[in-house]
Amino acid sequence: MAERRHLVVVLGDQLDLEAAAFDGFDPAVDAVWMAEVAEESTQVWSSQPRTALFLAAMRHFAEALRAAGRPLHYTRLDAPANAGSLAAQLQADIERLRPQRLVMTAPGDWRVLQALRSVADACGLPLDVREDRHFFVTVREFAAHAKGRKSLRMEYFYREQRQRHRVLMDGDGPVGGQWNFDADNREAFDAAGPGAVPPRPVFAPDAITREVLDLVEARFAHHPGRLAGFAWPVTRAQALQALQAFVRERLPRFGRYQDAMWPGEPWLYHSHLSAALNLKLLNPREVVAAAEQAFRDGAAPLASVEGFIRQILGWREYVRGIYWTQMPGYAGRNALDAGHDLPAWFWTGETDMACLRDALVQTLDHGYAHHIQRLMVIGLYALMLGVQPRQVHEWFLAVYVDAVEWVELPNTLGMSQYADGGLMASKPYVATGKYIQRMSPHCQGCRYDPAQSSGERACPYTTLYWDFLLRHESRLARHPRMALQVKNVARLDEPQRQAVRARAAAIRRGEVGGARG
Ligand SMILES: Cc1cc2nc3c(=O)[nH]c(=O)nc-3n(C[C@H](O)[C@H](O)[C@H](O)COP(=O)(O)OP(=O)(O)OC[C@H]3O[C@@H](n4cnc5c(N)ncnc54)[C@H](O)[C@@H]3O)c2cc1C
Ligand code: SF4
């Protein structure tokens, strides 16, 4: 094998032919390196849909590289000499291919960057880590934004990005005179339900994807999740089709029903584009531009379009900045000293709580749940139960098709579990079952009653809410945004407190909520 100039390392979430790693690529002297390795599916207990999506998208990207005439060294998961981890495989291939330099786009995971740096050091090779142009904001720019601020808030960051990138702007001000339409974006469906939700675009598995599905089923049979409904976009062309379908069919109602839930309706008016974005099959600029164009064409209302753009230009960029400016210490944060184990039924969905069962089952079926299901059903339960944040993080990183650590960790540890003590979220998101009752009809089909905090029919969310406030009363009493909630605890007399605590203890022992009713 002739000596190579550059070996361009492409990871499973870097599937972009235009990435910075390819700048100056010369097929005569450079080559691309990709590897499917078991470690990426086992360092957390990766669900079958998640592993299948990564592998199917990688194999399709390999085809795109070949079509673009870029020499490729690709190791399949089932290759006899597969070394099992990115680091070990890369080291073995460096010895074989003898490149002069490694080149890559900055990876999304801190762990992966350390591992690849170690390989480069061990082999005495320079590693050229290039800026990830996929994002609107570089980590350095985020750090500059954060510097000197007492507290970080997404809203100010987002407004800066709107101005800087001229998104939904009218001269110097926001289109429509407001930066934020949150108040219009919190509706539940009425009793008639969501009606005829447009069908989700289905990308039937082709031969490449079918081969991956068989491989995952055989190799990761004991991993959580199911593959029967696998229909995710796995190529850039499919991702673009999914974007167009979303903008045409769902975006107009996205804002209004962003927080709503309905039993057995996983897709509703959300975009389902997070996985395609995180694998870099889609560029956030084209997603934001398509949404803004729909507003300018009169095809979607401003509140929906602004609400959607806020998620991508605001939240998505913001959590990346938090991740890269806070790691590696961030992953170990546990501000509320939570130490309970994650209930085993999170991996199967076998609970008699109707809301949680619905969210867990669709997660396992599709690797998908929308934001409010993740935050205010699944995450909320773990937070109020007092589950150790690392275990919650490992679950969220394992089950969703869009789960990559840079975006998952701040959302789970910070926004959902308040484990960073308020860096991401201005207060712990805690609520009784009445919040879920307001946003969905789940409680009508549930054996529990969201209005009761103790007794046989007490909703576990409601019990755990009061228990959470009792457990953290002194800590949260000084919190400006929690003080009012904590004050309500004073209304509970001693017998009521004891009843709440006794029921919460039964929930923690697994005597309530854990089995299908
Ligand atoms: C506990 C928890 C864990 C999460 N883990 C992930 C994860 O692993 N990967 C991931 O991409 N998102 C994660 N999110 C954020 C959000 O829930 C998902 O991006 C969203 O549900 C994906 O569905 P969608 O594409 O239909 O999003 P839509 O509701 O259609 O939103 C549009 C897009 O905005 C972006 N977005 C929306 N909210 C956020 C957010 N809070 N942070 C970053 N981007 C956002 C996504 O790219 C999404 O595709 C998590 C949220 C919580 C509360
Ligand atoms: S009663 Fe409680 S557990 Fe049951 S669906 Fe409502 S919120 Fe969920």
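We did not get these values from a lab; they are worked out from the coordinates using the rules stated. Note that the coordinates shown come from a computational prediction; the quantities given were computed from them, not determined experimentally. Cβ coordinates were reconstructed from backbone atoms using ideal geometry, including for glycine residues, and neighbour counts include every protein chain displayed.
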Among residues of segment 248-269 being of a type in the set (A, V, I, L, M, F, W, C) and away from ligand 1 (no atom under 11 Å from the Cβ), the residue farthest from residue 293 (Cα to Cα) is 262
Yes/no for residue 513 being buried (at least 21 other Cβ atoms within 10 Å of the Cβ) and within 16 Å of ligand 1 (Cβ to nearest atom): no
For segment 218-254, the count of residues that are farther than 17 Å from residue 365 by Cβ, assigned to a loop (DSSP other than H, G, I, E, B) and within 19 Å of the chain's Cα centre (by Cα) equals 2
Those residues of segment 340-374 which are more than 15 Å from ligand 1 (Cβ to nearest atom), more than 18 Å from residue 261 (Cβ to Cβ) and among the aliphatic types (A, V, I, L, M) amount to 344
Based on what the data block shows, is residue 381 assigned to a helix (DSSP H, G or I), touching a residue at least 40 places away in the same chain (Cβ under 8 Å) and within 13 Å of ligand 1 (Cβ to nearest atom)? yes
Considering every residue within segment 63-72, establish whether at least one is touching an Asp or Glu at 6+ places or on another chain (Cβ under 7 Å) and surrounded by fewer than 23 Cβ atoms within 10 Å (Cβ to Cβ). no
Which condition breaks for residue 13 when tested against (1) within 23 Å of the chain's Cα centre (by Cα); (2) buried (at least 18 other Cβ atoms within 10 Å of the Cβ); (3) more than 20 Å from residue 134 (Cα to Cα)? (3)
Test for residue 427: is it basic (Lys, Arg), within 24 Å of residue 185 (Cα to Cα) and away from ligand 1 (no atom under 16 Å from the Cβ): no
Part of a helix (DSSP H, G or I) and surrounded by fewer than 16 Cβ atoms within 10 Å (Cβ to Cβ), is that true of residue 151? no
Restricting attention to segment 278-304, which residues are surrounded by fewer than 22 Cβ atoms within 10 Å (Cβ to Cβ) and free of Cβ contacts under 8 Å to residues at least 60 places away in the same chain? 286, 289, 290, 293, 294, 296, 297, 298, 299, 301
Spans of helices (runs of 4 or more DSSP H) in segment 415-513 with at least 1 residues away from ligand 2 (no atom under 13 Å from the Cβ) and not hydroxyl-bearing (Ser, Thr, Tyr): 460-471, 473-477, 483-487, 494-508
